[in-house]
1. Along the positive direction of the dipole of the range A:140-273 (beta-carbon charges: Lys, Arg +1; Asp, Glu -1; about the Cα centre), which of A:Gly226, A:Gly249, A:Ala264 reaches farthest?
2. If r is the Cβ-Cβ distance from A:Lys297 to A:Ala106 and R0 is 22 Å, what FRET efficiency results, to the nearest 0.05?
3. Work out, step by step, the length gained on full extension between A:Thr307 and A:Phe72: first 0.36 nm times the residue separation, then minus their alpha carbon distance; give nm to one decimal.
4. Nearest 5 percent is fine: what portion of the DSSP beta bridges confined to chain A is antiparallel?
5. Treat each spin label as a single point 7 Å out from the Cα along the C-beta direction, and report the A:Gln27 to B:Ile120 distance in nm.
6. Please tell me the relative contact order of chain B in percent, rounded to the nearest whole number, where contacts are Cα pairs under 8 Å and at least six residues apart.
7. Size of the dipole of the range A:140-273 about the Cα centre, Lys and Arg at +1 and Asp and Glu at -1 on the beta carbon, nothing else charged, in debye to 20?
8. Below 8 Å between Cα atoms, with a sequence gap of 6+, how large is the relative contact order for chain A in percent?
Amino acid sequence: MKISKLLLGAAGLALVAGLAQAGSHLQDTSGKRIALSNNYAGNSWRQAMLQSWEEAAGAAVADGVVAAADAFTTSENQATEQAAQIQNMILQGYDAIVINAASPTALNGAVKEACDAGVTVVSFDGIVSEPCAWRIAVDFAAMGKEEVDYLATRLPDGGNLLEIRGLAGVFVDDEISAGIHAGVAEHDQFKIVGSVHGDWAQDVAQKAVAGILPSLPDVVGVVTQGGDGYGAAQAFKAAGRPTPLIVLGNRQDEMQWWADQRDANGYETLSLSIAPGVSTLAFWVAQQVLAGEEVPKDLTVPFLKITQDTLDEKLAGTPVGSVANVMYALEDAQAVIAGAK
Amino acid sequence: MILLRKPWIWSWAAAALTFALTIALTSGRGGSELAYAALSFGAFAAIVGLGQMLVITLGPGNVDLSIPATMTLSATLALKVMASEPGTAFLGLVIALAVGFGAGLANFALIFLLRLPPIIATLAASLIYQSLAIWSNRGLRIKPPEPLADFATGRFLGLPNVAWVGLTLAVAVWIILERSVWGRWLLATGQNMRAARLAGVPVERVRATTYVTVATFAGLAGYLLASFSGGAALNMGAEYLLMSIAVVVIGGSSIAGGDSNVPGVWGAALFMFLVVSMLNSYGAGAGVRNVLTGTIVIAIVIAASTRRLRP
């Protein structure tokens with residue numbers, strides 16, 4: 001009786017594990033524990049990212065794919081604090097640590113310690129440069145260039161552009177901006193006449209744009225980094241200027257504004273950003289590494305693009321005040337891994 | 001020359017100079033636009049700056065570092081309760097002020113009952129307020145009701161409505177400081193707490209009301225800022241931590257306490273907006289901008305404080 005129960009249980013486990021493995025060479029990860037080390041939670045994108053993790057990782061734990069998938073966020077967005085957090089995770093015996101890092105270099109010491117202790121480290125969004133870790137990066141420069149390419153198709157005659165940058169000193173800001181400037185170099189009918197830092201926040205962007213607008217000539221387009229388009233639109237409105245072509249960043253308030261403008265006067269634009277669900281991709285990649293899959297160290301995640309045609313569908317699927325999202329499943333992770341091989 | 005001896009004149013002079021330099025770039029065009037924007041955005045810095053000024057006046061070690069979190073929490077809760085429904089603006093205001101009031105009481109309770117230094121107490125409390133804001137709405141941006149948004153971005157007699165609110169508060173604070181017994185108590189406490197206590201000033205009551213006032217101002221600023229910019233965001237208060245202290249110092253109030261300066265706070269609030277606008281307009285990169293802003297701020301503080309040495 002006892003033995004048959006055990007056998008049944010083992011068979012059940014094997015079945016569940018088999019679902020997750022989708023291949024014969026992979027090992028069972030049902031006993032493995034994964035931790036998320038996150039450096040910042042203070043904006044809607046990060047909140048959506050954490051929520052995506054909770055949903056996907058929570059479901060994976062319930063299905064028995066992994067034993068635990070706990071999320072931890074540091075309170076002060078400091079690299080030293082996050083390094084200490086990673087060291088705690090090593091001591092707690094996690095098998096894998098998924099990191100959204102405060103700095104690409106400052107955590108390398110702690111990451112190396114984790115690798116040396118046999119812990120799998122997967123970084124995403126804010127990636128780490130330590131070679132032993134996996135990196136799920138976004139091609140931010142391509143994102144910036146795509147904005148200008150799009151403007152070139154819409155405004156073949158070119159004109160003056162206003163650039164809204166992100167948080168000064170963060171490498172994502174430098175990357176996107178470099179891409180934008182590369183795009184402008186290619187499409188030389190455009191000229192960037194002003195550049196401000198909007199810190200990826202609507203109110204900061206609104207303030208910065210309101211301050212520089214009086215000194216600017218006519219502006220035909222605004223290139224942004226996400227989370228700043230609505231604020232820019234408000235500043236143009238307050239200054240009594242015509243609304244230029246503003247490239248948006250997938251925030252719900254931006255998409256709502258876009259839909260309202262479209263209904264009122266046929267406004268057309270493009271919106272692009274990374275989906276906060278990239279955390280779920282990182283989760284599945286970590287699971288695959290633990291399962292023994294051979295995963296290249298550098299993976300690229302596509303950005304989420306919303307066009308005039310997909311606006312209504314995406315807007316309907318995004319909670320009020322949040323960010324357009326994509327949840328990645330195991331198959332998506334396997335596709336990304338296969339694509340990088 | 002008597003005007004030059006006023007510590008607040010330096011922040012106003014700096015604001016006027018940066019304004020002129022920005023406008024020089026466009027040969028005079030866009031001056032009214034820029035002034036209007038400076039008054040709009042300066043108002044938020046002025047409101048929190050007035051509160052911070054009162055706390056700093058209490059004497060060395062007194063500062064409220066929970067202003068950003070209090071702004072975020074009160075704005076988040078107010079906008080959540082209003083849920084974009086028209087006719088709820090007043091209810092939202094009451095909630096924002098009540099949250100601010102509660103945060104102020106909590107701050108003072110930590111300082112008074114646990115004898116924590118104000119820097120530690122308000123910093124620790126701010127983590128709690130920020131977490132409450134995250135927990136209550138998970139960072140979702142809810143739009144303010146239409147009439148409230150129109151009010152926050154609207155104008156009256158050519159000036160932004162938010163600037164009227166800020167100016168009214170400034171006048172009220174000035175009258176209280178200069179003409180009321182409580183204001184005298186506050187200054188006496190800041191100059192020498194022990195002497196003030198021995199002279200019969202209810203020092204702890206003065207401190208309590210001051211910490212409650214600054215938090216209530218922060219609640220009001222958060223409510224207005226969220227209504228102005230189309231919703232509360234979790235990081236909306238971030239830049240007002242250093243801003244609130246900077247406008248007090250640049251405005252000519254003594255960082256050692258006991259000497260406050262209401263007009264200077266407004267001058268400094270306008271300056272802080274204008275200097276960033278000026279450097280942006282001249283195309284300065286982020287690094288240059290930060291270095292220049294820091295240098296200019298130090299220069300003004302030195303100018304304002306050397307004047308004070310010979311009254």
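Where a number appears in this text, it was derived from the coordinates with a stated rule and is not lab data. Keep in mind that what you see is a predicted model, and the values were worked out from it rather than measured. Here Cβ is always computed from backbone atoms with ideal geometry, including for glycine, and neighbour counts include all displayed protein chains.
1. A:Ala264
2. Details: r = 20 Å, r/R0 = 0.89.
The calculated FRET efficiency here is 0.65.
3. 81.1 nm
4. On the way: 4 of 39 bridges.
Among the beta bridges of chain A, antiparallel pairing accounts for roughly 10 percent.
5. 4.7 nm
6. Details: 539 pairs, mean separation 117.7, N = 311.
That works out to 38 percent.
7. Values: 9 positive and 19 negative charges, 66 e Å.
About 320 debye.
8. Numbers: 675 pairs, mean separation 57.4, N = 341.
Taking the mean separation of contacting Cα pairs over the length of chain A, I get 17 percent.
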